[in-house]
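The values are calculated or read from the model by the stated rules, or taken from the named source; none is laboratory data. All values derive from a computational prediction rather than experimental measurement. Note that we place each Cβ from the backbone using ideal geometry, even for glycine, and neighbour counts take in every protein chain shown.
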Amino acid sequence: MKSDILALILTVSCAGFLLNAQEQVHPIPHLAQNGGRYALIVDGAPYLMLGAQANNSSDWPAALAKVWPAIEYLHANTLEIPVYWEQMEPKQGQFDYTAVDRILAQAREHHVHLVLLWFGTWKNGSQHYMPEWMKLQPERYFHVTNKNGEAVDSPSPFATESLEADARAFTAFMLHLKATDPERTVLMVQVENETGTWGTLRDYSPAAEKLFEGPVPAEVLKAMNKTPDKSTAAWRDVFGLEADVCFHAWAVARFVGQVAAAGRAAYPLPLYANAALRDPIKPGAPGSYESGGPTDNVIAIWKAEAPAIDIVAPDIYLPGTEAYLKVLDLYHRPDNALLVPETSGSASAARFLFSALGLQAIGYAPFGLDYTRTHPMQNGEAAAQNAFLEPTAQNYRLIGPMMRDIARLNFQGKLQAVAEEEGKITQTLHFGEWDAVISYGAAGRGPAKGNAEPVGRALVAQLKDNQFLVAGYDCRVDFRPAGTEQQKKSQQIVAGTGQIPSALIDGKWQHRQFLRVEEGAYEDGAFKFLRILNGDQTDWGLNFASEPLVLRVSVSTY
Ligand code: DGJ
């Protein structure tokens, strides 16, 4: 008997020791913050998620065979894929982890990390992933009630039994991850999907009405910077036309915050909630966008009510450069790391990965990039099957090999990146004594005119005072000594004119000269020198076309 107990103690302490050792080898991924910049720390260093999100119904054996070849083609380092509550808890309290175990095993085989999406109570505002046993009991797991007293296709954030069931299931899932993923294949977890409600602004059930007529909670007033005359002021008094949306955001965030907190207590991976957006330039009236999710007008409510959610993250499908850049700006906040968990993978949108990097994004993932949907072949060519993947693949072929350096330099505040904007032929990035001037559409030796389609993008990182890492596509990059705007010459180099980027500094013209322009390739995460570029290759600036090109550039003045 004694020896049995001894054996048990030994086994438990060995398991504890092994777990500890694993934690040391692969610490739990976490977010780090440095001077307002964020990084996702994986295996002890900043990591950039170059992701792709699978289609919604792709996490099944028959479909996964059509996911991995696309991930390989993309050179993605992370797959975002759902975990379905309805599959995981087919009977109340009975959890089936087959799908979780399968995706973990397959991701490891393919040397790819995972971000798992908990399709729980909310999926695009509806309750479609609730298990059948819940769907069949709508009186317990009830829906939002609209103004006419009708149940709508959206779960009520006031359904306590739904909250309890979701928190239990999410906790079970996180505990299972903790036990089965010592390798930290899973980097982050998305809690729910595009929460909120379409078709009605909020729950108008009698219980919800009572709360709506009651005082706005103090933490909401504080978060939204409101100081009403009376502390008992109701939602309508404080928020006017946005009262319903703010109320619903409060209710939904509280629900999701509790689910997240329960899961996080089990296993503290970074957690985020994604948002279906409202138009950031001309936001329509409430009702024109999904109500209750973390839209830009209620981020502060989400932050206050769901502190277990580390990041609120925009799903960006909006057309137009101005709108895209505005969204990035709105979700890049001192209290929120920028993460783009869904976006369009189109050729015109792909360049915005660079805009996101310019705001220290920790990750980016276009949506629907697997072979489970048929994509029309262009001109009947088989190669065109991959046309829908190619814009993202082009980005990842360049950035993938240098991902760790990019993430580190960005976290250190040494990196800047931009994408071409319609009508802007040049963009200038400031690095202390140097400006990096990016110009677009400079064909051959002529001046820059802007690309026919705005597809240009560049990233520049300062390695030393006079040394830069430069990469990009469809642009020209040059360096100019920094001076005041009036004192600068040569926004762009025009071949054959002898123009050199210069600036008048302390009454003396300073001209840029290249000391050494090294072309390299990243191998095992390190820049490997290939050759020195000079002559025709640098006399008209540093030109980036559609093939991956990484340069390490040393400059000085004469
Ligand atoms: C946004 C959702 O979050 C995704 O799950 C998916 O439904 C896409 N929309 C479809 O475009």
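Just the residues that are surrounded by 15 or more Cβ atoms within 10 Å (Cβ to Cβ) and either more than 25 Å from residue 327 (Cβ to Cβ) or at pLDDT 95 or above (or both), please, taken from the stretch 371-396.
371, 372, 385, 386, 389, 390, 391, 392, 393, 394, 395, 396
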Checklist outcome for this item: Of the conditions (1) in a loop (DSSP other than H, G, I, E, B); (2) closer than 23 Å to residue 196 by Cα, the single one that residue 111 does not satisfy is (2)
Checklist outcome for this item: Matching residues in the stretch 183-220 (more than 16 Å from the ligand (Cβ to nearest atom) and in contact with a strand residue (DSSP E or B) (Cβ under 9 Å, 6 or more places away or on another chain)) number 18
Checklist entry - Residue check, residue 105 against (1) in contact (Cβ under 8 Å) with a residue 24 or more places away in the chain; (2) not in a loop (DSSP other than H, G, I, E, B); (3) not charged (D, E, K, R), all met but one. Which one? => result (1)
Checklist entry - Among all residue pairs at least 6 apart or on different chains, which show Cβ distances below 7 Å where the first residue, located in the stretch 182-198, is closer than 12 Å to residue 108 by Cα and the second is of a type in the set (Lys, Arg) and away from the ligand (no atom under 13 Å from the Cβ)? => result 183/108; 185/108
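For (1) farther than 22 Å from residue 526 by Cβ; (2) free of Cβ contacts under 8 Å to residues at least 60 places away in the same chain, each residue gets a yes or a no:
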| position | (1), (2) |
| --- | --- |
| 389 | yes, no |
| 401 | no, no |
| 413 | no, no |
| 425 | yes, no |
| 451 | yes, yes |
| 457 | yes, no |
| 461 | no, yes |
Checklist entry - Can you tell me which of 356, 347, 361, 313 is within 26 Å of residue 391 (Cα to Cα) and within 16 Å of the ligand (Cβ to nearest atom)? => result 313
Checklist entry - If you check every pair at least six apart or on different chains, which have Cβ atoms under 9 Å apart with a residue in the stretch 41-62 that is touching a residue at least 24 places away in the same chain (Cβ under 8 Å) first and a residue that is among the acidic types (Asp, Glu) and in a strand (DSSP E or B) second? => result 49/80; 51/80; 52/80; 53/80; 53/342; 54/80
Next on the checklist: Among the residues of the stretch 316-335, what is the count of those that are more than 16 Å from the ligand (Cβ to nearest atom) and assigned to a loop (DSSP other than H, G, I, E, B)?
Outcome noted: 4
Checklist outcome for this item: Over the stretch 530-544, the set of residues surrounded by 11 or more Cβ atoms within 10 Å (Cβ to Cβ) and either of a type in the set (Gly, Ala, Ser) or assigned to a strand (DSSP E or B) (or both) is 530, 532, 533, 539, 541, 542, 543, 544
Checklist entry - Taking the stretch 122-158 only, how many residues are in contact (Cβ under 8 Å) with a residue 12 or more places away in the chain, closer than 17 Å to residue 92 by Cβ and either assigned to a loop (DSSP other than H, G, I, E, B) or in contact with a His (Cβ under 8 Å, 6 or more places away or on another chain) (or both)? => result 9
Item to check | Residue count for the stretch 32-46, restricted to those that are under 12 Å from residue 410 (Cα atoms) and surrounded by 23 or more Cβ atoms within 10 Å (Cβ to Cβ) | outcome: 3
Checklist entry - For the stretch 173-206, what are the residues that are of a type in the set (A, V, I, L, M), surrounded by 18 or more Cβ atoms within 10 Å (Cβ to Cβ) and part of a helix (DSSP H, G or I)? => result 174, 177
